[in-house]
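Novice: Below is one structure. I have some questions about it.
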Amino acid sequence: MSNTFYSAILTIHGIDVLTREEAANTYGADTGASQRLPSGAIIVKDADAIEAILALANSYKVPLWPISGGRNFGYGTALPVDSRSFILDLSRLKRINIDIGSSTALIEPGVTQADLHEAIKKSGANLLVPTTGVGPNGNILGNALDGGYGLTPITDHFNAVCELSGYWGNGTEFRHTYQDLNCPEMAKRWNAGTGYSWAGLLRQGNFGIVTKARVQLARAPEACRILIFEWKNDADFIASQANLNLLTEDIPGIGGIIMMNNCRILSTQVDTPLASPLRGEERSAYLRKLAKDRKISPWTGLGTLYGSKASVKGAVRDIRRRLKGVKVWSFSPEEIRKLQKVEQYLPTWGFASLRRHFGALVNTLGTVEGFPIVAFLKIAYALDPTAKKLNVESHPAKDGAGILWYAPLVPFNGAEVENYRQVMSACLLQHGFDPLLAVTSRSPRVLSGTIPLLFDRKNTADVARAKACYRHMVKVGLENGWPPYRLGVDYMDLIACDADSPSAQVQRLLKNALDENNIIASGRYEHAKPVRVAAEIDLEKLISIPVDYSDDAVEETQEKVEA
């Protein structure tokens with residue numbers, strides 16, 4: 001069937017078509033070591049071709065896996081859940097129109113953070129790019145549709161998307177209701193429309209293809225401050241959660257606050273201290289000593305404040321007054337730029353507090369001002385002893401980096417955060433991974449945890465250990481009431497509900513109505529077991545593998561995995 005589809009798709013203008021082998025070479029590298037290779041790929045060069053592609057896919061019942069850039073590092077990169085799929089690569093679609101009056105940008109799927117930044121600059125608008133850690137080549141629309149977030153004023157990127165246009169899987173066109181009511185100006189400004197709203201089906205959904213969307217952009221504020229929080233121990237960190245919770249609601253200009261333990265801070269440092277070959281308790285002792293020698297606090301937080309000069313100044317004062325047991329640093333972008341000029345002239349003695357935060361301040365500066373940077377990709381290379389220097393061409397998957405991201409949602413209170421810290425640390429250490437813990441405020445009620453699993457993709461035992469640990473974390477997280485807010489392509493089955501559950505039934509009804517041939521993103525966030533391409537993994541068997549790194553133990557591990 002795919003061969004017949006392949007022959008038919010070649011007749012469509014405005015596309016390039018890749019065979020299975022060509023697609024594997026182009027898109028096959030994944031930081032999570034997934035083997036879900038596609039059946040081929042369709043590179044779209046003209047958006048007008050999408051309708052015809054959908055028609056053929058429905059005719060031949062061939063699934064399509066839309067990507068906007070294929071840089072979903074830690075979650076599958078560009079690979080599909082269902083290996084019968086053809087990747088539908090929309091990265092060449094890069095048209096942008098900046099509307100200064102509504103502070104929005106009308107974009108196609110291939111537009112990256114760097115593309116949008118350049119377009120804003122050319123327009124003369126004073127607007128911020130919704131930056132993320134994936135860097136300048138990260139796609140705006142793909143990140144938003146997968147539920148991404150950042151530290152700029154509009155933290156939830158899907159909430160900033162409006163005026164969506166495209167096609168449901170069955171080929172039916174969709175667009176904003178106000179377009180049909182001949183109210184195009186309000187379509188730019190009011191994403192909900194009037195009456196029912198279908199837009200939410202496109203967030204982590206598999207019902208349609210977005211070919212164009214308008215993104216609401218935050219205006220650059222009068223004032224901005226970068227905040228750094230330091231906690232001297234776990235107890236003070238946990239005790240402060242209640243007041244942090246209240247502050248995120250009481251201070252409207254406060255952005256997301258990411259709070260990281262000392263191991264997580266070490267994973268971002270330029271000399272890659274995590275590349276040490278030490279294992280077990282020796283490694284834990286080494287990391288504790290390293291954090292102490294570098295004066296890294298048990299927990300460090302990074303946050304942003306936006307608003308008028310008076311409101312930001314008052315907010316900093318209020319935060320310092322209300323938070324106990326935590327040191328709060330505050331820097332304006334201008335102060336950080338001055339520090340950049342003088343830092344090399346500071347004496348080697350002293351200034352320890354400033355030095356340990358200087359790199360983070362410089363890196364955060366671009367992010368909070370809406371300028372995409374590559375620095376936050378560093379964590380993907382944390383096990384690379386060559387301390388790779390990053391640039392805009394850096395691509396962790398193609399560079400051989402091994403990383404999986406686990407991202408559970410956790411209630412924003414001290415008891416839950418402490419439980420999260422203990423449970424996840426124990427789970428990671430059981431599987432031989434460093435506890436690189438972080439939580440980020442998503443609202444006054446919810447934190448998003450982010451835990452990277454770093455491993456050697458060339459080592460099959462390491463890969464098996466990472467995949468087993470990931471499944472164990474999701475399982476334990478769900479048992480504690482912490483669902484993952486995103487998942488990698490190999491792990492969609494972990495959120496499957498019973499076939500007769502309300503969630504599964506509603507999803508089937510929607511899928512049958514909008515995409516009856518299951519064309520769009522087969523298996524993506526489905527509340528039913530997705531198509532498998534490998535043998536069933538016995539989680540309990542993998543979880544029980546002892547943590548032993550001798551050569552004999554590695555061979556034994558392989559035998560257990562293969563059995």
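The values are calculated or read from the model by the stated rules, or taken from the named source; none is laboratory data. Please read these numbers as outputs of a predicted model, since none were measured by experiment. Reconstructed Cβ throughout: ideal geometry from the backbone, glycine too, with neighbour counts over all protein chains shown. Keep in mind that these areas ignore ligands, DNA and RNA; they rest on the heavy atoms of the full protein, side chains included. Shrake-Rupley method; radii C 1.70, N 1.55, O 1.52, S 1.80 Å.
Novice: Among the residues of the stretch 403-425, is there at least one that is of a type in the set (S, T, N, Q), within 20 Å of the chain's Cα centre (by Cα) and open to solvent by 10 Å² or more (accessible area, probe 1.4 Å)?
Specialist: Scanning the stretch 403-425, I find no residue that is of a type in the set (S, T, N, Q), within 20 Å of the chain's Cα centre (by Cα) and open to solvent by 10 Å² or more (accessible area, probe 1.4 Å), so the answer is no.
Novice: Restrict the check to the stretch 176-187 and report whether at least one residue is within 23 Å of Pro80 (Cβ to Cβ) and in a loop (DSSP other than H, G, I, E, B).
Specialist: No: the stretch 176-187 contains no residue that is within 23 Å of Pro80 (Cβ to Cβ) and in a loop (DSSP other than H, G, I, E, B).
One line per residue, one yes/no per condition, for (1) within 30 Å of Ile519 (Cβ to Cβ); (2) of a type outside the set (Phe, Trp, Tyr); (3) in contact (Cβ under 8 Å) with a residue 24 or more places away in the chain; (4) in contact with a strand residue (DSSP E or B) (Cβ under 9 Å, 6 or more places away or on another chain):
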residue	(1), (2), (3), (4)
Trp198	yes, no, yes, yes
Ile209	yes, yes, yes, yes
Phe229	no, no, yes, yes
Ser267	no, yes, yes, yes
Val270	no, yes, yes, no
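Novice: Further question on the same structure: If I go through the stretch 471-516 residue by residue, how many of them are closer than 27 Å to Thr31 by Cα and of a type in the set (Lys, Arg)?
Specialist: 3
Novice: Counting only residues that are over 26 Å from Ser34 (Cβ atoms) and buried (at least 21 other Cβ atoms within 10 Å of the Cβ), which one in the stretch 426-451 is modelled with the lowest pLDDT?
Specialist: If we take residues in the stretch 426-451 being over 26 Å from Ser34 (Cβ atoms) and buried (at least 21 other Cβ atoms within 10 Å of the Cβ), then Ser441 is modelled with the lowest pLDDT.
Novice: Can you tell me which residues in the stretch 430-462 are outside any strand (DSSP E or B), among the aliphatic types (A, V, I, L, M) and in contact with a Gly (Cβ under 9 Å, 6 or more places away or on another chain)?
Specialist: Correct list: Leu437 only.
Novice: Answer yes or no as to whether Cys263 is part of a strand (DSSP E or B) and touching a residue at least 24 places away in the same chain (Cβ under 8 Å).
Specialist: no
Novice: Of everything in the stretch 203-229 that's aliphatic (A, V, I, L, M) and not in a loop (DSSP other than H, G, I, E, B), which residue is surrounded by the fewest Cβ atoms within 10 Å (Cβ to Cβ)?
Specialist: Step by step, filter the stretch 203-229, then rank; the result is Ala223.
Novice: Kindly evaluate Gly142 against the criterion of being open to solvent by 10 Å² or more (accessible area, probe 1.4 Å) and either in contact with a Gly (Cβ under 9 Å, 6 or more places away or on another chain) or within 18 Å of Val210 (Cβ to Cβ) (or both).
Specialist: yes
Every residue, every condition in (1) open to solvent by less than 40 Å² (accessible area, probe 1.4 Å); (2) in contact (Cβ under 8 Å) with a residue 60 or more places away in the chain; (3) over 26 Å from Ala415 (Cβ atoms); (4) not in a helix (DSSP H, G or I), yes or no:
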{"site": "Ala464", "(1), (2), (3), (4)": "yes, yes, yes, no"}
{"site": "Lys467", "(1), (2), (3), (4)": "no, yes, yes, no"}
{"site": "Tyr470", "(1), (2), (3), (4)": "yes, yes, no, no"}
{"site": "Met473", "(1), (2), (3), (4)": "yes, yes, no, no"}
{"site": "Tyr485", "(1), (2), (3), (4)": "yes, yes, no, yes"}
{"site": "Asp490", "(1), (2), (3), (4)": "yes, yes, yes, no"}
{"site": "Cys497", "(1), (2), (3), (4)": "no, no, yes, yes"}
{"site": "Asp500", "(1), (2), (3), (4)": "no, no, yes, yes"}
{"site": "Ser503", "(1), (2), (3), (4)": "no, no, yes, no"}
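Novice: Which residue, of Val312, Val362, is surrounded by 15 or more Cβ atoms within 10 Å (Cβ to Cβ), in a helix (DSSP H, G or I) and at pLDDT 90 or above?
Specialist: Testing whether each residue is surrounded by 15 or more Cβ atoms within 10 Å (Cβ to Cβ), in a helix (DSSP H, G or I) and at pLDDT 90 or above leaves just Val312.
Novice: Is it the case that some residue within the stretch 281-302 is of a type outside the set (A, V, I, L, M, F, W, C), open to solvent by less than 40 Å² (accessible area, probe 1.4 Å) and over 25 Å from Asn419 (Cα atoms)?
Specialist: The answer is no; no qualifying residue exists.
Novice: Of Ser165, Ser197, Ser240, which residue is at negative phi and surrounded by fewer than 15 Cβ atoms within 10 Å (Cβ to Cβ)?
Specialist: Ser197
Novice: So, one more: State whether the residues of the stretch 69-86 include one that is within 21 Å of Lys188 (Cα to Cα), touching a residue at least 40 places away in the same chain (Cβ under 8 Å), open to solvent by 40 Å² or more (accessible area, probe 1.4 Å) and within 21 Å of the chain's Cα centre (by Cα).
Specialist: no
Novice: Another question, if that's okay. In the set Gly150, Gly110, which member is open to solvent by less than 40 Å² (accessible area, probe 1.4 Å), touching a Pro at 6+ places or on another chain (Cβ under 8 Å) and closer than 28 Å to Gly76 by Cα?
Specialist: After applying the criteria, what remains is Gly150.
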